[in-house]
Amino acid sequence: MAESSEYNPPQDPLEVLHHDADIVAVMKPDGLLSVPGKGAHLADCMMARVQAAFPTALTVHRLDRDTSGVMIFAMTPHAQRFLSMEFETRRTRKTYVARVAGRLEPRTGTVDLPLTVDWPNRPRQMVCQETGREALTDWRVQRWEDGATRVKLSPKTGRTHQLRVHMLALGHPILGDPLYSGGLDEAPRMMLHAEELRIASPDGGPSLRFRAAPNF
């Protein structure tokens, strides 16, 4: 399903991982927008569903529509400013799980390739040494499977489609990716999941860790 195709979001009940006076952490299902798109048909999104249960919730970050996993919302304007700055200054620690095509080797490594929008083919992004913005991704192989690799990805920057384009650049696109896999696999969904997020607490308390297991 291409990202520009008909929008039929899943109707999973809201799964709350944590909530307190500052933060709501939820599990976003794949196929659901993080924030509303343009038009009434794109109004259903993670933000709207969270605000239905927590009316003061405010957006802090986003996940791609077809990416599942941990997503957080702020409960106050102060918490929103604090958490947004944590993301902007790269103080958050994010870990993703993906299944990619082929046998990714070696077992660990770093992708250091600058990214920019592929204007004629938006919303696609691409590697560009001349105009791209710095993008860094660490990877660690969990196991090799039949014709695929299960890998943990730790982005050090937060560029649009960063993990998806970096895996493609290595020659191992994420299975089921509607934009970058070339439609050569039959995965039931894009095999990318935000498994863990670690952040500082807006109230100055101990750091917080939110985790949700993937369904693949």
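The values are calculated or read from the model by the stated rules, or taken from the named source; none is laboratory data. Only a predicted model underlies this, so the values are computations on that prediction, with no experimental measurement involved. Here the Cβ positions follow ideal geometry from the backbone for every residue, glycine too, while neighbour counts run over all protein chains shown.
Summary of computed values
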{"read-out": "Test: residue in region 195-204 that is in contact with a Lys or Arg (Cβ under 6 Å, 6 or more places away or on another chain) and either assigned to a loop (DSSP other than H, G, I, E, B) or modelled with pLDDT under 95 (or both)", "value": "no"}
{"read-out": "Residue list for region 160-179, restricted to those being crowded, with 20+ Cβ neighbours inside 10 Å and either in a loop (DSSP other than H, G, I, E, B) or acidic (Asp, Glu) (or both)", "value": "His161, His172, Pro173, Leu175, Gly176, Asp177, Leu179"}
{"read-out": "Residue count for region 27-41, restricted to those that are farther than 11 Å from Ala194 by Cα, in contact (Cβ under 8 Å) with a residue 40 or more places away in the chain and among the aliphatic types (A, V, I, L, M)", "value": "0"}
{"read-out": "Per-region count, region 3-37, residues under 22 Å from Leu208 (Cα atoms) and not in a strand (DSSP E or B)", "value": "7"}
{"read-out": "Scope region 137-159; condition touching a Phe, Trp or Tyr at 6+ places or on another chain (Cβ under 7 Å) and buried (at least 22 other Cβ atoms within 10 Å of the Cβ); matching residues", "value": "Val151, Leu153"}
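Matching residues to (1) within 21 Å of Pro29 (Cα to Cα); (2) over 15 Å from the mean Cα position of the chain (by Cα); (3) of a type outside the set (A, V, I, L, M); (4) not in a loop (DSSP other than H, G, I, E, B):
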{"position": "Leu83", "(1), (2), (3), (4)": "no, yes, no, yes"}
{"position": "Arg91", "(1), (2), (3), (4)": "no, yes, yes, no"}
{"position": "Pro106", "(1), (2), (3), (4)": "no, yes, yes, no"}
{"position": "Met126", "(1), (2), (3), (4)": "no, yes, no, yes"}
{"position": "Gln142", "(1), (2), (3), (4)": "no, yes, yes, yes"}
{"position": "Lys152", "(1), (2), (3), (4)": "yes, no, yes, yes"}
{"position": "Ser181", "(1), (2), (3), (4)": "yes, yes, yes, no"}
{"position": "Ala187", "(1), (2), (3), (4)": "yes, yes, no, no"}
